[in-house]
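Engineer: This is the structure I have questions about; it appears just below.
The values are calculated or read from the model by the stated rules, or taken from the named source; none is laboratory data. It should be emphasised that the depicted structure is a prediction, and the values quoted were computed from it without experimental measurement. Note that each Cβ is placed from the backbone with ideal geometry, even for glycine, and that neighbours are counted across all protein chains shown. Surface accessibility is based on the protein's heavy atoms, side chains included, excluding ligands, DNA and RNA. Shrake-Rupley method; radii C 1.70, N 1.55, O 1.52, S 1.80 Å.
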Amino acid sequence: MPQPHQCDYCGKKFSQPKTLVSHLCEKKRRAFQEKEKRVQAGFSAFIRFWQLTNNSKKKILYKDFCDSPYYNAFVKFGSFVNNVNPIYPDRFVDYVIKSGVKLDHWCRDELYEKYLFEMIKIEPVESAVQRTLQTMMEWGDEHKAEFAHYFNYVSLNKAVHDILNGRISPWMVLNSAVGQSMVRKMSDDQLNMIAPAFDVPFWMKKFRETPADVALVKEICHEVGIK
């Protein structure tokens, strides 16, 4: 029987047009997934991977990504990036590429935590404060509360979660009386949980070395009503 209908993606032929329409090969599936957020995130990471590991100036197209044997691994990583919503996403992508860690291990929580805890120690104070205030405002909107009262009334479990995810910075916690009071209310288990992100000796040393940044944080806290 003649098979005049051919798949543009894999080349397979069919005798009926409706069979071709219902046909879904791997290449066709990948082509149809192009606009999905996880695929776009994976594609962006793939492009960056190519830039950092190849000397070629070739422009990478989505078709190149679809044809890559690493497609599924990068899409999985794209899902991870979307779910984790890392601080400084572009830097995180560069970090995992340069880390020497296998692609299949890029989605491990411990790798992101290592990146995160390193990044919050070196990021500009302005960025840390801005992200903290944004987190406090979101909490205020959710609870119909004044955002400046975050440290006074947030649940300690929520505070632990926000600190561990880099959403609440030690810059704000340790340079405000209410932030310090919140930490003192935490249990030993909670303090142990935040310890990797809340290296107090490191921060005390950093504060001594950057008095201008400390003064800026305290000024902002005063302006927004964080005591």
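Engineer: Taking all protein chains as present, what is the carbon and sulfur share of the accessible area of the stretch 157-227, in % to the nearest whole number, probe 1.4 Å?
Structural biologist: It is 56 percent, rounded to a whole number.
Engineer: Could you give me the ³J(HN,Hα) list for the stretch 117-131, computed from phi with Karplus coefficients 6.51, -1.76, 1.60 and θ = phi - 60°, whole Hz, x at Gly and Pro?
Structural biologist: Couplings: 5, 6, 5, 5, 7, 10, 5, x, 4, 4, 5, 4, 5, 4, 5 Hz.
Engineer: Quick one: what do you get for the chain if you divide its Cα Rg by 2.2 N^0.38 Å?
Structural biologist: Normalised Rg, Cα atoms only: 1.39.
Engineer: Run the numbers on the chain and let me know its relative contact order in percent, using alpha-carbon pairs under 8 Å that are six or more apart.
Structural biologist: Answer for the chain is 13 percent.
Engineer: How large is ³J(HN,Hα), in whole Hz, for each residue of the stretch 41-52 in order, when computed from phi with the Karplus curve 6.51 cos²θ - 1.76 cosθ + 1.60 and θ = phi - 60°, using x for Gly and Pro?
Structural biologist: After applying 6.51 cos²θ - 1.76 cosθ + 1.60, I find 5, x, 5, 4, 5, 5, 4, 5, 4, 5, 4, 7 Hz.
Engineer: What nm distance separates the two modelled labels at LYS158 and GLN130, each placed 7 Å from Cα along Cα→Cβ?
Structural biologist: 2.5
Engineer: Whole number in Å², please: accessible area per residue of the stretch 68-202, 1.4 Å probe, ligands, DNA and RNA not counted. It would help to have the intermediate numbers written out before the result.
Structural biologist: Numbers: 6920 Å² over 135 residues.
Heavy-atom accessible area per residue stands at 51 Å².
Engineer: Apply the Karplus parameterisation 6.51 cos²θ - 1.76 cosθ + 1.60, with θ equal to phi minus 60°, to every residue of the stretch 187-201 and state each ³J(HN,Hα) to the nearest whole Hz, in sequence, with x for glycine and proline.
Structural biologist: 6, 4, 4, 5, 5, 5, 5, 7, 3, x, 9, 10, 6, 4, x
Engineer: Obtain the nm distance between the two label points defined at ASN72 and GLU219 by a simple spin-label model: each point lies 7 Å from its Cα along the Cα-to-C-beta direction.
Structural biologist: Distance between the two pseudo-spin positions: 5.5 nm.
Engineer: In terms of modelled amide H atoms, which long-range or inter-chain residues lie less than 5 Å from the amide H of HIS5?
Structural biologist: Amide H neighbours of HIS5: PHE14.
Engineer: Residue separation times 0.36 nm, minus the C-alpha to C-alpha distance between LYS57 and MET204: what's the value? Display every interim value, and only then the final one.
Structural biologist: Numbers: separation 147, 0.36 × 147 = 52.92 nm, distance 4.57 nm.
The LYS57-MET204 span can extend by a further 48.3 nm.
Engineer: Expected output is a single nm value to one decimal: the length gained when fully extending between SER22 and LEU103, i.e. 0.36 nm times separation in residues minus the C-alpha distance. What is it?
Structural biologist: Value of the extension gain: 25.8 nm.
Engineer: Next question, about the same structure. Sort ASP188, ASP162, ASP199 by accessible area with a 1.4 Å probe, largest first.
Structural biologist: Final ranking, largest accessible area leading: ASP188, ASP199, ASP162.
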